[in-house]
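As structure tokens, the structure follows; a few thoughts come after it.
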Amino acid sequence: MGGTGPDSVPLGFADQVFYSDGNGNPVTPPAASIYNPDPQAGTLNLYTQRTQWFNCSDPTVPGIAAITNYLQALPYNLPEKCDPGHYYNAVNINPAWTPQGTATPPGSPGTPIPPVTMRSIGDALSDKNIPWKYYGGGYNASGIVTNRFNGSYCNICNPFEYQVNFPAMRADHMRDVTDLFADIAGGNLPAVSYVKPDGLMDGHPATSKFDLFEAFAGNIIKLVQSNKELWKETAILITVDEGGGYYDSGFIQPVDFFGTGPRIPMIAVSPYSAGGHISHVYNEHSSVVKFIERNWKLDTKLTSRSRDNLPNPHMDDENPYVPINMPAIGDLFDLFRFGDGDGKR
């Protein structure tokens with residue numbers, strides 16, 4: 001459970017970002033932006049301070065001990081991934097950069113996340129000269145006041161926009177969804193593509209409808225399938241972010257302090273997908289990073305603490321949703337049939 005930003009960040013980092021000096025060193029954010037979930041005096045459901053940042057390495061601060069005590073009581077060892085002195089975001093927070101690669105203007109809501117030096121899957125792909133792009137709906141219109149789609153681009157959804165090198169990567173790797181359509185038609189898609197619809201098409205109830213998101217995804221599938229050469233070597237993974245708050249009786253696996261949340265859908269569409277197969281393997285957003293690393297044989301993990309270091313789950317025969325080697329998350333390969341069993345085309 002969480003905001004769109006904290007849910008989207010693992011798609012790029014298999015981890016969460018933290019408040020820093022912009023050079024990779026943790027610093028303490030302003031006191032007014034530090035989270036305090038203890039109830040206000042005389043209330044049961046109003047936080048003392050519902051703001052932005054929390055330090056989960058200190059069990060003496062409000063709200064932390066209840067979670068760390070639970071994690072430490074589990075029947076298996078669980079690294080909490082709460083680095084000392086690091087403050088992580090509890091809610092949606094703007095990145096330091098605008099889509100144009102300039103610094104977020106002073107006075108923007110909240111305390112922006114300073115540029116992070118963490119290694120992303122984009123960096124890992126670039127290191128191997130594997131082409132990739134992030135296509136964000138409304139990207140080209142962002143900042144153009146006279147454009148009706150200005151403001152529809154989701155900056156907190158783009159994990160790469162948090163990186164210190166975002167301004168330098170824009171020319172090669174950042175595009176609008178309209179550019180995606182042109183690249184599909186021309187057979188020019190990179191090896192790896194991230195696609196995020198704008199706020200009018202993304203299915204969020206405040207600004208959109210889910211059938212619009214379904215139509216958006218369906219249109220992309222049809223466009224790719226219409227290019228036979230492109231379709232025969234493409235896999236499309238369709239998913240969403242937070243679960244929306246509805247109760248879900250499915251098993252929720254603790255994998256670190258930040259945890260995972262209620263189940264959300266993922267659909268794999270490809271000539272290689274195992275049609276009609278419902279996967280019981282425990283996956284989460286970081287599984288997309290694991291899939292890219294395995295499929296393109298990137299060999300190394302993003303960082304020493306990122307979730308791509310976790311093993312693939314071994315599922316319990318009696319309860320196929322519960323890994324017996326927790327903490328563990330899948331790499332999505334069970335969704336596909338690649339022929340010889342080891343992922344080679």
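Towards the positive end of the charge dipole of segment 194-254, with charges on Cβ (+1 Lys, Arg; -1 Asp, Glu), say which of 219, 194, 230 has the farthest Cα.
230
Just order 254-262, 34-42 by mean Cβ neighbour count inside 10 Å, highest at the front, would you?
254-262, 34-42
Using the count of nearby Cβ atoms within 10 Å as a rough guide to exposure, how do 297, 290 rank from fewest to most?
297, 290
What do the square roots of 5 times the Cα gyration tensor eigenvalues come to for segment 89-206, in whole Å, largest first, as semi-axes of the equivalent ellipsoid?
One finds semi-axes of 22, 19, 13 Å for segment 89-206.
As a quick test, which of the pairs 128/290; 196/222; 128/297; 133/196; 81/133 have an alpha carbon distance above 20 angstrom in this structure?
The answer is 81/133.
To the nearest 0.05, how large is the calculated FRET efficiency for residue 299 and residue 179 if R₀ is 30 Å and r is the Cβ-Cβ distance?
According to the calculation, E is roughly 0.50.
Around residue 56, under 11 Å between beta carbons, what's the net of Lys plus Arg minus Asp minus Glu among the other residues?
-3
When averaged across all projection directions, what area in nm² does the alpha-carbon convex hull of the chain cover?
With the hull built on Cα positions only, its mean projection is 19.0 nm².
Can you tell me the relative contact order of the chain? Whole percent, Cα pairs under 8 Å, sequence separation 6 or more.
18 percent.
With contacts defined as alpha carbon pairs under 8 Å and 6 or more residues apart, what's the relative contact order of segment 296-338 in percent?
After rounding, I find 29 percent.
Report, in debye and to the nearest 20, how large the dipole of segment 273-344 comes out about its Cα centre when Lys and Arg carry +1 and Asp and Glu carry -1 on their Cβ.
340 debye
Mind checking the dipole of the chain: about its Cα centre, +1 per Lys or Arg Cβ, -1 per Asp or Glu Cβ, Debye to the nearest 20?
That gives the chain a dipole magnitude of about 640 debye.
Going by Cα centres, segment 166-184 and segment 15-38 are how many Å apart?
Between the Cα centres of segment 166-184 and segment 15-38 lies a distance of 30 Å.
State, as an integer percentage, the relative contact order of segment 1-107 based on alpha-carbon contacts under 8 Å between residues 6 or more apart.
Over segment 1-107, the number comes to 30 percent.
Which value in Å does the Kirkwood hydrodynamic radius of segment 155-232 take, with 1/r averaged over all unlike C-alpha pairs and then inverted?
14.0 Å
If you average the alpha carbon positions of segment 47-84 and of segment 249-304, how far apart do those two centres end up, in angstrom?
A separation of 24 Å, based on Cα centres.
Every number in this text was worked out from the coordinates using simple rules, so none of it is lab data. Every value quoted in this text rests on a predicted model; they were computed, and no experiment measured them. With ideal geometry, Cβ positions are generated from the backbone for all residues, glycine too; neighbour counts draw on all protein chains shown.
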